[in-house]
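Notes follow once the structure below has been shown.
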C-alpha cells in the first residue's frame, strides 16, 4: 500500500512546519476588545455615581437618598448592553458604547439636579415643566433606548440589508417629518414656542423628527450609492471648481425645497438645517466633489434669508442672534439667561448643584448645555464636546474601514448628523449661529431623542463590527487527497 500524500507530494505525517510544501500557520484572529469596553463601562458608572453624589452635596450637603437605586439601575442597563454586544457584535468598536453611556449618565445627573431645584428645601426655583418623577422617567427612557439598541443589533446582522428598503425608509422619513405640520397646534406645538415638532396625546409626547433622521440617513445612503456616478459628472469649470451639470441639480433642489417647507410650516429651523445638511454632506462623500458643499451652503443661506424676510418667527431668530440683550425682557430672554449662566460659570464652574441654571427657560432640554457650562465651567463644556467628537471620530473610522459602499455612506452620514446636531444646538446657545430648537443628543430630557440616539449608536456599532470582523479562514486541509492501492 502506498503512502497517503498531499497534492504537493509531501507525506501527511510529515512535520507541518517543515519543507516548502507545508501548510501555513493559522492566521491570528483580531481580538474583539470587549474586556476594554467592560473596564471603561465600570469607569463610566463610577463617574456618573460620583457626579450624582456631588449634586446632593452641592444642593444640601447630603448624599442623595436615591444614589444606590439609580446607580444600580444604570449599572444593570449598561451591563446588559455590554452583554448584548459580546453576543451580537463581538468585533464592534469598544469605545462607542462607553462614550454614549457616559453622556447618557451625565444627562440623568443634570436632569436630577434641575428637578430638585426648589424642592425639599433645596435652593432655587421649581421648574414648572418638570415634576418630581422626571428623573425616574429619564431612567425609563434610558432603558427603552438601550432595549432599542439591542434590538437593532439583533435584527440587523448585516448593514447592507437596509439598502433593500431605501425608498420605503425614505417615504417613512418624509412622512415622520411632515406629520406634525398637518396636526392641530394643540397636539403638535411645543408650549411657549411656535415650533411644531412633536405629537402630544394624553401626556405622552414623541418627536417624529428624531426617528426620521435615521430613516432618511438610510434613504440618502441607498439613493446616493446608486446615483453617485451620475452626480459625480462634472459640468463647467469655474474658479478652479468643477460645477455639476445643470440637469443633475434636481436632487439637491428637492432636498432644499423640503427643508424650506419644514422651516415655514413647522417653524423648525433646527430640523430644516439638519436634514438638508445631512443630504449635502452625504452627497459630497459619495461624489468627492466640493462643489456640492458650496451649492448646498449657498442655497441654505439664500433660503434662510428669504424666510427671515417673509416670516416673523424666522426673523426673530436672527434678531435675537444679533443682539439678545436688547430684547432681554421679550424674545431674547431665554438666550440672554443662557449666556448669563455660561458667564457665571467661568472656566471651572460653580460646582454641581451650586449654580442657578433653573433661571433659563427650557434648560432641561434645548439649553441643557448651558446648565453644564454654568456648573462645570468651560472645562466641563469642552470635556462634553470632546466626548461627542470621539463618538464622531469612531463613526468615521468605521466608515473608512468597512468595504461596502452603502455601509460607508451610512456610517459617514450617522456620524455627521450627530456632529451637526451638536454644532447646531451648542452654536445656538452660545450665539455662534442663530438659535434653533433642537435637542442635545443623550443629554436633553425626553425619550424620542434618547431612543433615536441609541439606535444610531447601534447602527454604527453594527457597521464597525462588520468592518472589524475577520474574514472566514480557509479550511487548512482543503484539497488533500488520499491514494490507496488495491490489494
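If we keep just the residues of segment 200-251 that are under 30 Å from residue 445 (Cα atoms) and assigned to a strand (DSSP E or B), which is modelled with the highest pLDDT?
206
Which condition does residue 250 not pass, out of (1) without any contact (Cβ under 8 Å) to a residue 60 or more places away in the chain; (2) closer than 18 Å to residue 434 by Cβ, if it passes all the others?
Status for residue 250: all satisfied but (2).
Residues are listed down the side, and each one gets a yes or a no for (1) surrounded by 21 or more Cβ atoms within 10 Å (Cβ to Cβ); (2) under 20 Å from residue 374 (Cα atoms):
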position: 68; (1), (2): no, no
position: 72; (1), (2): no, no
position: 97; (1), (2): yes, no
position: 109; (1), (2): yes, yes
position: 120; (1), (2): no, no
position: 126; (1), (2): no, yes
position: 151; (1), (2): no, no
position: 158; (1), (2): no, no
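Which condition breaks for residue 442 when tested against (1) modelled with pLDDT of 95 or more; (2) in a helix (DSSP H, G or I)?
Residue 442 satisfies all of (1) modelled with pLDDT of 95 or more; (2) in a helix (DSSP H, G or I) except (2).
Which numbered condition trips up residue 453, out of (1) in contact with a helix residue (DSSP H, G or I) (Cβ under 6 Å, 6 or more places away or on another chain); (2) in a helix (DSSP H, G or I); (3) crowded, with 16+ Cβ neighbours inside 10 Å; (4) modelled with pLDDT of 95 or more?
Of the numbered conditions (1) in contact with a helix residue (DSSP H, G or I) (Cβ under 6 Å, 6 or more places away or on another chain); (2) in a helix (DSSP H, G or I); (3) crowded, with 16+ Cβ neighbours inside 10 Å; (4) modelled with pLDDT of 95 or more, the odd one out for residue 453 is (1).
Being crowded, with 18+ Cβ neighbours inside 10 Å and either assigned to a helix (DSSP H, G or I) or touching a residue at least 60 places away in the same chain (Cβ under 8 Å) (or both) is the filter here, so list the residues in segment 47-66 that pass it.
Once the filter is applied, which keeps residues that are crowded, with 18+ Cβ neighbours inside 10 Å and either assigned to a helix (DSSP H, G or I) or touching a residue at least 60 places away in the same chain (Cβ under 8 Å) (or both), segment 47-66 yields 48, 49, 51, 52, 54, 55, 56, 58, 59.
Return the residues of segment 133-167 that are at pLDDT below 95, more than 23 Å from residue 104 (Cα to Cα), part of a helix (DSSP H, G or I) and more than 19 Å from the chain's Cα centre (by Cα); say none if nothing qualifies.
Listed by number, the residues that qualify are 160, 161, 163, 164, 165, 166, 167.
Please tell me if residue 174 is in contact with a helix residue (DSSP H, G or I) (Cβ under 8 Å, 6 or more places away or on another chain), surrounded by 19 or more Cβ atoms within 10 Å (Cβ to Cβ) and in a helix (DSSP H, G or I).
For residue 174, the condition - in contact with a helix residue (DSSP H, G or I) (Cβ under 8 Å, 6 or more places away or on another chain), surrounded by 19 or more Cβ atoms within 10 Å (Cβ to Cβ) and in a helix (DSSP H, G or I) - is not met.
Among the residues that make up segment 22-44, is at least one of them at pLDDT 50 or above and under 30 Å from residue 119 (Cα atoms)?
Checked segment 22-44: at least one residue is at pLDDT 50 or above and under 30 Å from residue 119 (Cα atoms).
In segment 278-305, what count of residues is obtained for those that are in contact (Cβ under 8 Å) with a residue 40 or more places away in the chain, under 24 Å from the mean Cα position of the chain (by Cα), surrounded by fewer than 23 Cβ atoms within 10 Å (Cβ to Cβ) and in a helix (DSSP H, G or I)?
So the answer is 6.
Test residue 264 against the criterion of being surrounded by 14 or more Cβ atoms within 10 Å (Cβ to Cβ), in contact with a strand residue (DSSP E or B) (Cβ under 9 Å, 6 or more places away or on another chain) and either within 24 Å of residue 215 (Cβ to Cβ) or modelled with pLDDT of 85 or more (or both), and give yes or no. If you could, list the steps in order and put the result at the bottom.
Values: surrounded by 14 or more Cβ atoms within 10 Å (Cβ to Cβ): yes; in contact with a strand residue (DSSP E or B) (Cβ under 9 Å, 6 or more places away or on another chain): no; either within 24 Å of residue 215 (Cβ to Cβ) or modelled with pLDDT of 85 or more (or both): yes.
No; evaluated as a whole, the condition is false for this residue.
Scan segment 419-435 residue by residue and report those that are surrounded by fewer than 21 Cβ atoms within 10 Å (Cβ to Cβ), touching a residue at least 24 places away in the same chain (Cβ under 8 Å) and outside any helix (DSSP H, G or I).
430, 431, 433
For segment 187-195, does any single residue satisfy the condition of being more than 20 Å from residue 453 (Cα to Cα), at pLDDT below 95 and assigned to a helix (DSSP H, G or I)?
Looking for residues that are more than 20 Å from residue 453 (Cα to Cα), at pLDDT below 95 and assigned to a helix (DSSP H, G or I), one finds at least one in segment 187-195, hence yes.
The values are calculated or read from the model by the stated rules, or taken from the named source; none is laboratory data. Because the structure is predicted, anything quoted here is derived from the model rather than measured. As a convention, Cβ positions derive from the backbone with ideal geometry for all residues, glycine included, and neighbour counts pool all protein chains shown.
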